[in-house]
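**Q** Would you mind keeping the following structure in view while I ask a few things?
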Amino acid sequence: MLKVGLTGGIGSGKSEVSRRLASRGAVVIDADKIAREVVEPGTGGLARIVEIFGTEVLREDGALNREKLGSIVFADSGKLASLNGIVHPLVGARVEELQHQADESAIVVYDVPLLAENDLAPMYDVVVVVDAADEVRLARLVGIRGMSEQDARARIAAQADREDRLKIADLVVPNEGSLEDLGARVDEVWAELSARAAARRPR
């Protein structure tokens, strides 16, 4: 099994790269998706969040209001640490479960937004970083996701800076151009990952 850590700052296009790797045969374990699952209504994760942050972080239907919670924690590093203390262990346990279900010869791509921030690079055989300039990412967050500029800047600032992410990269996927450019680079990365996976298999 080849364990690949895939990361990139918010707005870099990491999710698009993740989708494209999955379509080429990677087993993708999406930490963000799991992070949503572990705080769904009825879970212990959501109960603990309400215990700490109060019922104002819930929608009327009892689901987590992620935007409301985000606006609270991204403005306060202590509250962000409290939230991470609840969610990260739950995500870690689920990731382990999914990893055990994957085939032994699989290329498993872990889509991990905070890989650099949490010093997780040593856990992976290869780290792939999706890279785009902060201003490009800001324009995407405001123009495509509809965030306010202030909120978008706060989220970018709450993550590792671009240089810190690039320092841990084994492979870089630049993503400031067209989807065709991105597709071509993903093809190259997939070929490299496949070669590395093949080299690990017993002969």
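A short reminder: the numbers here are calculations on the coordinates, not readings from a lab. Quick caveat: nothing in here was measured; it's all calculated off a predicted structure. Backbone-built Cβ (ideal geometry, glycine too); neighbour counts: all protein chains shown.
**Q** Here are Val142, Val127: which of them is assigned to a strand (DSSP E or B), in contact with a Ser or Thr (Cβ under 8 Å, 6 or more places away or on another chain) and either without any contact (Cβ under 8 Å) to a residue 12 or more places away in the chain or surrounded by 16 or more Cβ atoms within 10 Å (Cβ to Cβ) (or both)?
**A** So the residue among Val142, Val127 that is assigned to a strand (DSSP E or B), in contact with a Ser or Thr (Cβ under 8 Å, 6 or more places away or on another chain) and either without any contact (Cβ under 8 Å) to a residue 12 or more places away in the chain or surrounded by 16 or more Cβ atoms within 10 Å (Cβ to Cβ) (or both) is Val127.
**Q** Another question, if that's okay. Just to be sure before I move on: is Val172 of a type in the set (Val, Ile, Thr) and touching a residue at least 60 places away in the same chain (Cβ under 8 Å) in the structure I sent?
**A** no
**Q** Separate question: Select from the stretch 74-113 the residues that are assigned to a helix (DSSP H, G or I) and among the aliphatic types (A, V, I, L, M) and list them in ascending order.
**A** Of everything in the stretch 74-113, those that are assigned to a helix (DSSP H, G or I) and among the aliphatic types (A, V, I, L, M) turn out to be Leu80, Ala81, Leu83, Ile86, Val87, Leu90, Val91, Ala93, Val95, Leu98.
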